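A.B. asks: There's a structure below that I have some questions on.
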Amino acid sequence: MAIMTGIVQDRGLNMRIRRGKADVEFTDWHILQKITEELYTTLPAGKRSAVKCSLGMTGEQPNDFIPLNEMYHKIMNPRLVKIIQEKLFRSFLQPIVRASDEDVYGYEFLLRPRSQLYDFNPGSLFRFSQESGMQSMLDSEARMNAIRTSAMMLDHGTKRFINFLPNSIYDPEFCLRSTFKAVEEYRIQPRDLVFEVVETERIKDMDHLRKVFDYYRRSGVKVALDDLGAGYSTLDVMTDLRPDYAKLDRKLIMDCHLSTEKQKVIRMISNVAQSTGITLLAEGIESREEWEFLRTQVDLGQGYFFGKPSKTPLEQYVK
């Protein structure tokens, strides 16, 4: 409180203390940003989550108190907040093909800007959502958008790979209620859905992820692990969680036809996938040479070699 009081008084702003809370009136957004940044950088990192803040119109009772570190990212990036809150994004489709005949097996749904006026990098937007406490909102809305788009674009029997962040699903039954309501509303066959964990290498709570996987499977959908790379940790995760699909990290795929070390790792993962009944997918394929080696080791392929993410399916066919 003393730090906050000193910073505000130095700026000559109106402030009153009541019930242990400091109410500060701002008339300029840039001043609010400067005060928030100064407070954020002055406080020790460990206290930024302990200090709670709320924004509201003058005369209104403050509500929705959130940690300072989350409020800081929201105040400093109002454009990204608007993109998430107003759902200024849409789903593009990238084809996934079978290794056996190169026919389209399904599509991965990837978040893209809805308007050039509100452009964004998908990875940066998801990182911001985690920093600002908005990841559950973005993750849920991106999932819903992919479900709606797939219902309009694809026939039954075509797999739809849809990403999700496990940390945004604290209670599967509650958090995924709207997702499965949309599946029912848009008459999508659950067996056509594959929910795919992103940032697999950063997962720390395997028990929680297992619960999410179990809920998905009881609902009739398939699950996938993304970005599996080299090393025994990859094999441990695969054998422990037994996903329906596993996707090889694109770093492992790049120029794999030229690297005996990469080929060794890919063969090792492929053997484990075959022995455990996991469908193996290689993503990030960009050349015929990479694919010629990979198609002997994996079941499915994805990458610019087959098609970039686009508004419509590869066949340019819309129902």
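A.B. asks: Looking at the chain, send over the antiparallel percent of its DSSP beta bridges, to the nearest 5.
C.D. replies: Antiparallel bridges make up about 45 percent of those DSSP assigns within the chain.
A.B. asks: Mind putting a number on the dipole of the stretch 136-219 about its Cα centre? Charges go on the C-beta only, +1 for Lys and Arg and -1 for Asp and Glu, and I need it in Debye to the nearest 20.
C.D. replies: Using Cβ point charges on Lys, Arg, Asp and Glu, the stretch 136-219 gives about 220 debye.
A.B. asks: Can I ask one more? Helix 260-276: angle to the longest alpha-carbon principal axis of the chain, degrees 0 to 90, nearest 10?
C.D. replies: Orientation of helix 260-276: about 80 degrees from the principal axis.
A.B. asks: Report the full-extension gain for the segment Ile66 to Glu261: residue separation times 0.36 nm, less the Cα-Cα distance, to one decimal in nm.
C.D. replies: 65.4 nm
A.B. asks: Further, regarding this structure: Does the stretch 229-281 come out rounded, prolate or oblate by the C-alpha gyration tensor, with a ≥ b ≥ c the root eigenvalues, rounded set by a/c under 1.5 and, if not, prolate when a/b is larger than b/c and oblate if not?
C.D. replies: The shape class here is prolate.
A.B. asks: Can I ask one more? To the nearest Å, what is the center-to-center distance of the stretch 275-316 and the stretch 208-252, using C-alpha atoms only?
C.D. replies: 18
A.B. asks: Taking only DSSP H segments of four or more residues, each worth -39500 (n - 2.57), what value at 222 nm results for the chain once the sum is divided by all its residues, to the nearest 500 deg cm²/dmol?
C.D. replies: Helix-only estimate at 222 nm: -12500 deg cm²/dmol.
A.B. asks: Can you tell me the dipole magnitude for the chain around its Cα centre, using point charges on the Cβ only (Lys, Arg +1; Asp, Glu -1), in Debye to the nearest 20?
C.D. replies: That gives the chain a dipole magnitude of about 740 debye.
A.B. asks: Using +1 at the Cβ of each Lys and Arg and -1 at the Cβ of each Asp and Glu in the chain, identify which of Ile75, Gln94, Leu154 lies farthest towards the dipole's positive end.
C.D. replies: The residue sitting farthest along the positive end of the dipole is Ile75.
A.B. asks: Projected onto the charge dipole of the chain (+1 at Lys/Arg Cβ, -1 at Asp/Glu Cβ, origin at the Cα centre), which of Leu176, Thr296, Thr260 gives the Cα projection farthest towards the positive end?
C.D. replies: About the Cα centre, the residue reaching furthest to the positive side is Leu176.
A.B. asks: What does the charge count around Leu68 come to, taking other residues whose C-beta lies under 10 Å from its C-beta (Lys +1, Arg +1, Asp -1, Glu -1)?
C.D. replies: Value of the local net charge: +2.
A.B. asks: Next question. Between Lys87 and Asp240, what is the label-to-label distance in nm when each label sits 7 Å out along the Cα-to-Cβ direction?
C.D. replies: 3.6
A.B. asks: Helix 206-218 sits at what angle to the longest principal axis of the chain, using alpha carbons and giving 0 to 90 degrees rounded to 10?
C.D. replies: It works out to around 60 degrees.
A.B. asks: Something else about it: Grab every C-alpha pair in the stretch 117-237, bin the distances at 10 angstrom width from 0 up to the longest one, and report whole percents.
C.D. replies: Result returned by the calculation: 12, 44, 34, 10, 0.
A.B. asks: Which pairs, out of Lys47/Lys247; Lys211/Lys262; Lys74/Lys159; Lys82/Lys247; Lys247/Lys311, put more than 30 Å between their alpha-carbon atoms?
C.D. replies: Violating the 30 Å limit, Cα to Cα: Lys47/Lys247; Lys211/Lys262; Lys74/Lys159; Lys82/Lys247.
A.B. asks: Oh, and also: What number comes out for the charge environment of Asp240, summing +1 per Lys or Arg and -1 per Asp or Glu over other residues with Cβ under 12 Å away?
C.D. replies: After counting each charged neighbour, the total is 0.
A.B. asks: Considering only the other residues whose Cβ falls under 10 Å of the Cβ of Gly277, what net charge follows from Lys and Arg at +1 and Asp and Glu at -1?
C.D. replies: 0
A.B. asks: Give me the accessible area per residue for the chain, probe 1.4 Å, as a whole number in Å².
C.D. replies: Averaged over the residues of the chain, the accessible area is 53 Å².
A.B. asks: May I ask for the Rg/Rh ratio of the chain, computed from Cα atoms with Rh as the Kirkwood radius, given to two decimals?
C.D. replies: 1.05
A.B. asks: For Val24 and Leu55, calculate 0.36 nm times their separation in residues minus their Cα-Cα distance, and state this gained length in nm to one decimal.
C.D. replies: Between Val24 and Leu55, full extension yields 10.2 nm more.
A.B. asks: Subtract the Cα-Cα distance of Thr42 and Asp101 from 0.36 nm times their separation in residues, and report this length gain in nm to one decimal.
C.D. replies: Between Thr42 and Asp101, full extension yields an extra 15.2 nm.
A.B. asks: Rank Gly277, Tyr216, Val198 by how far each Cα sits towards the positive end of the charge dipole of the stretch 178-319 (+1 on Lys, Arg Cβ; -1 on Asp, Glu Cβ) and give me just the farthest.
C.D. replies: In the stretch 178-319, that residue is Tyr216.
A.B. asks: Another question, if that's okay. Kindly identify the stretch 173-319 as rounded, prolate or oblate by the Cα gyration tensor criterion: order the square roots of the eigenvalues as a ≥ b ≥ c, call it rounded if a/c is under 1.5, otherwise compare a/b with b/c, prolate if a/b is larger, else oblate.
C.D. replies: oblate
A.B. asks: At what distance in angstrom do the alpha carbon centres of the stretch 127-170 and the stretch 24-50 lie from each other?
C.D. replies: Answer, in whole Å: 32.
A.B. asks: Another one. Using only Cα atoms, tell me the angle between helix 122-131 and the longest principal axis of the chain; keep it within 0 to 90° and round to the nearest 10.
C.D. replies: 40
A.B. asks: A follow-up question, please. Quick one: if you stick a label point 7 Å off each Cα along the C-beta vector at Asn121 and Ser310, how many nm between them?
C.D. replies: 2.6
A.B. asks: Separate question: Name the shape class, rounded, prolate or oblate, that the alpha-carbon gyration tensor gives for the stretch 240-319, where a ≥ b ≥ c are the square roots of its eigenvalues, rounded holds for a/c under 1.5, and otherwise prolate holds if a/b is larger than b/c and oblate otherwise.
C.D. replies: Judged from the Cα gyration tensor, the stretch 240-319 comes out oblate (a/c at least 1.5, b/c at or above a/b).
The values are calculated or read from the model by the stated rules, or taken from the named source; none is laboratory data. A quick note: this is a predicted structure, and the numbers were derived from the prediction, not measured. Virtual Cβ from ideal backbone geometry, glycine too; neighbours counted across all protein chains shown. Heads up: the accessible areas ignore ligands, DNA and RNA and are worked out on the full protein's heavy atoms, side chains in. Shrake-Rupley method; radii C 1.70, N 1.55, O 1.52, S 1.80 Å.
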